[in-house]
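Here the structure comes first, spelled out in structure tokens, and everything after it is commentary.
Derivation of every value follows stated rules applied to the coordinates shown; laboratory data play no part. The structure displayed is predicted, hence computed values, not measured ones. Neighbour counts are summed over all protein chains in view; Cβ atoms, including those assigned to glycine, are modelled from backbone coordinates with ideal geometry.
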Amino acid sequence: MKENTTTNINSLRRICFIGIRGVGKTTLLKKTDEQNSEIVSISGSDILQELMGEAYDQFEFLPENEKYIHRLKLNDARWDIQHTTGKDMLVDCHLTVYNLKTSEIDMILTHKDFDFFTEFILLDCTPEKIQIHRKRDTSKKRIVDLDIIKKELDFERKMALKVTKDYGIKLHIVQMDENAIDNLNRILANNN
């Protein structure tokens, strides 16, 4: 195992793997996990669920200040994981999400998240492909209205550009096409 010094931790990559629901993040991650053993891959939602237990099912309906507190705990958990593993980290999470209570699109990462991450990888796709994927995945209740999907995509793109510019975070964009896995692996292999 690597020596876990502050210098080593600060030199490691912390990659925020984003894209709206239904873009294919989970599927792509499964394919890349097999090829990138030097990177620990985690799901922000899985960690949040572990931290919250049964209360996680009601996360979307919690008051915003409670959500914020849980998101800060999630950030601390990610630091702990990276200290323990001593590896670069790829975190499957959401930058923005459609709020079912308000019908608005919310930014869900916090200032601590922006201080944590060194890179963003934005998965991008056409709204029509996302709509097809959401309709096919009957295991989850998802919005399939094409106009809302277009708004989600547009907002995710704008916020990714804004946040990475404002915080000096490197931004990579991967188009969800037949070259997506190769393009993602190329980014993960490149330590520059």
Read phi for every residue in segment 99-108 and hand back ³J(HN,Hα) as whole Hz from Karplus 6.51 cos²θ - 1.76 cosθ + 1.60, θ = phi - 60°, with x for Gly and Pro. 8, 5, 6, 9, 6, 10, 9, 9, 7, 10
Amide H neighbours of residue 120 at under 5 Å, excluding residues fewer than 5 places away on the same chain, with H built from the backbone geometry, are 16, 170, 171, 172
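How much net charge surrounds residue 123 when only other residues with a Cβ under 12 Å from its Cβ are counted (Lys, Arg +1; Asp, Glu -1)?
Numbers: positive: 21, 25, 129, 157; negative: 92, 124, 156, 177.
Cβ neighbours under 12 Å give a net charge of 0.
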So what does log10 I(q)/I(0) come out to for segment 42-114 at q = 0.13, 0.14 Å⁻¹, using the Debye formula with one equal point on every Cα and no solvent? -0.39, -0.45
Can you tell me which aspartates and glutamates have their Cα less than 16 Å from the Cα of residue 101? Leave out same-chain residues fewer than eight positions away. 57, 60, 64, 66, 152
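From the cross-link list 129/158; 112/170; 25/129; 73/112, which pairs have alpha carbons spaced over 18 Å apart? Don't jump to the answer; show the numbers that get you there.
Values: 129/158 20 Å; 112/170 16 Å; 25/129 13 Å; 73/112 10 Å.
Pairs exceeding 18 Å: 129/158.
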Could you work out the local net charge near residue 81, counting Lys and Arg as +1, Asp and Glu as -1, over the other residues with Cβ closer than 12 Å to its Cβ? -2
Between 29, 72, 62, find the one with the highest GNM mean-square fluctuation for the chain; connect C-alpha pairs within less than 10 Å. 62
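Please compute one quarter of the surface area of the Cα convex hull for the chain and express it in square nanometres. Each step should come with its number before you reach the end.
Numbers: hull surface 44.3 nm².
Averaged projected area of the chain's Cα convex hull equals 11.1 nm².
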Dimensions in Å of segment 94-192 - Rg and Dmax from alpha carbons: 14.7, 41
For n ≥ 4 DSSP H runs only, could you compute -39500 (n - 2.57) per run for the chain, divide by its residues and tell me the 222 nm figure to the nearest 500? -15000 deg cm²/dmol
